[in-house]
Structure formats: C-alpha cells, structure tokens
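Every read-out reported here was derived from the displayed coordinates using simple, explicitly stated rules and does not represent laboratory data. Predicted model, so just to flag it, every value in this text is computed and none were measured. Cβ placement follows ideal geometry from the backbone for every residue including glycine, while neighbour counts extend to all protein chains displayed.
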Amino acid sequence: MIGQLRMGTVLAALAVAGVAGTAGWLARGLVVDRIEIPRVIEQQAEICEQVAERHAAEAVTAEQLRQFKIGEAAWDRFNQQSQAAADDAQAKQDVLELELERYAQRARDAGRVCALDDADLELIGVRQAAEPAGPGGR
C-alpha cells in the first residue's frame with residue numbers, strides 16, 4: 001500500500017508539474033505574444049520612422065544646397081556678362097570720343113570750325129552730359 005501511495009504521489013506530482021509547466025509555458029507565450037512582440041514591433045517602427053525622417057531631412061538639405069549653388073553660379077554668370085557688356089559699351093564710347101577728338105583736331109588743323117557745341121553733340125547722342133561738379137553746377 002505504501003508503494004502504491006508513493007507511486008500515486010509521484011504520478012500526482014508529475015501531473016501537477018506537467019500541468020504547471022504547461023500553464024507556465026502558455027502564460028509565457030501569452031506574455032510574449034501579447035506584450036513583448038507588439039512592443040518590439042512598435043520600437044522598430046519608431047526607429048524606422050526616425051531613420052526615414054533623418055534621411056528626408058538630409059535629402060532636403062542636399063537639395064537646398066544644390067539649388068543654392070545653381071543660383072550662385074547663375075548670379076556669377078549674370079554679373080560677368082553684365083560687366084562684359086558694360087566694358088564693351090565703355091570701349092565703344094571711348095572709341096567714339098577718340099574719333100570725335102581726332103576729327104575735331106583735323107578740323108582745327110585745316111582751319112575749319114565745327115558749328116556743333118557740346119549740347120548739340122549731347123542732343124544727337126554722341127556725347128553724354130557732364131555731371132555737375134557740385135551743388136549749383138560749380
């Protein structure tokens with residue numbers, strides 16, 4: 001009888017251990033499935049979102065820098081072309097004034113007098129008006 005009692009106790013203990021182990025395993029599975037895994041997924045989603053935002057910000061910054069450099073290059077080209085155009089215009093004006101001065105010198109050497117004064121030359125666009133030196137034209 002004692003042998004049967006021990007055998008029953010051992011079997012009961014094994015059954016309890018099996019049930020407790022199974023219950024523990026199921027409880028662990030529920031905790032992992034319902035709490036741990038969703039939390040890990042949420043953390044991974046947050047990390048992915050942060051990485052995507054960082055890459056988007058870097059892309060925006062790179063695009064702004066690219067556009068700034070393009071604008072800067074265009075502005076430099078415009079300034080160079082404007083300066084070249086101004087230099088060309090000044091060179092043409094200098095040549096015209098030199099031709100006028102040579103013509104006037106030849107006319108003086110030949111004893112001829114040009115009937116046009118500076119105001120007449122300004123009117124026909126050959127010379128530009130001289131700026132007054134100070135207040136009142138003095």
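Below are the figures for this structure:
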{"quantity": "In nm, spacing of pseudo-spin labels at A73 and E49 (7 Å Cα→C-beta vector)", "calculated": "3.9 nm"}
{"quantity": "The range 59-69 - phi-based ³J(HN,Hα) in whole Hz, Karplus 6.51/-1.76/1.60, Gly and Pro as x", "calculated": "5, 5, 4, 5, 5, 5, 5, 4, 5, 4, 5"}
{"quantity": "Kirkwood-based Rg to Rh ratio, the range 26-126, C-alpha trace", "calculated": "1.78"}
{"quantity": "Global form of the range 82-122, assessed from the alpha-carbon gyration tensor, a/c cut-off 1.5", "calculated": "oblate"}
